[in-house]
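First the structure, in the form of structure tokens, and then the observations on it.
The values are calculated or read from the model by the stated rules, or taken from the named source; none is laboratory data. None of these values were measured; they are calculated from a predicted model. With ideal geometry, Cβ positions are generated from the backbone for all residues, glycine too; neighbour counts draw on all protein chains shown.
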Amino acid sequence: MVKNTKGGKKCKRTKAIREETTLNYKTEGQEYGIVVKLLGNCRLEVYCFDGTTRMCQIRGKMRKRVFINKDDIVIVSLRDYQDAKGDIVDKYSESQKRALIDNGTIPDTNSRNLQSLKDKDKDEDGDENISKSTKIDDNGYYWSKDVPVSDSDSDVEIDYDNI
């Protein structure tokens, strides 16, 4: 009998935990992008860093092996005959994403999301549509107070005897 040199059940488990150490960069005909929306049936809406939003499809080699979520950084292979569509070629992990940002290859996505939210809230005139009670916090999320608090509410005295 041949001896099993690769290991058994435990070896197979640790293989899944290991993270890929090589960092793949884009080549000609490819673009970096961030996943905006999951459309289903292995299709995604991806905002590419060249300024266009494309409907992309996960390639067959990655299906049911690599799971892609919203706000993941991916490489999109562009199509010659359709500019609005593309194919997902690779997905970056969080450590690889940080390495790309540190290299200056891709912009920091947190600042891009905040800037895009600010751009959507402006009219053609440049006036902001955000009311005074609605604010944007550090993470780029909107929050507003349901009940407006004014200075005159603190001056109102409550008569506890009538309650």
Handout entry: Criterion (surrounded by fewer than 15 Cβ atoms within 10 Å (Cβ to Cβ), polar (S, T, N, Q), assigned to a loop (DSSP other than H, G, I, E, B) and free of Cβ contacts under 8 Å to residues at least 60 places away in the same chain) met by exactly one of THR105, THR27
Key = THR27
Handout entry: Of the criteria (1) at pLDDT 75 or above; (2) surrounded by 10 or more Cβ atoms within 10 Å (Cβ to Cβ), which one ARG112 fails
Key = (1)
Practice task
Starting from the stretch 55-70, keep only residues that are free of Cβ contacts under 8 Å to residues at least 60 places away in the same chain and outside any loop (DSSP other than H, G, I, E, B), then list their pairs with residues that are surrounded by 12 or more Cβ atoms within 10 Å (Cβ to Cβ) and of a type in the set (Asp, Glu) whose Cβ atoms are within a distance under 8 Å, requiring at least 6 positions of separation or different chains.
Solution key: MET55/GLU45; CYS56/GLU45; CYS56/ASP87; GLN57/ASP87; ILE58/ASP87
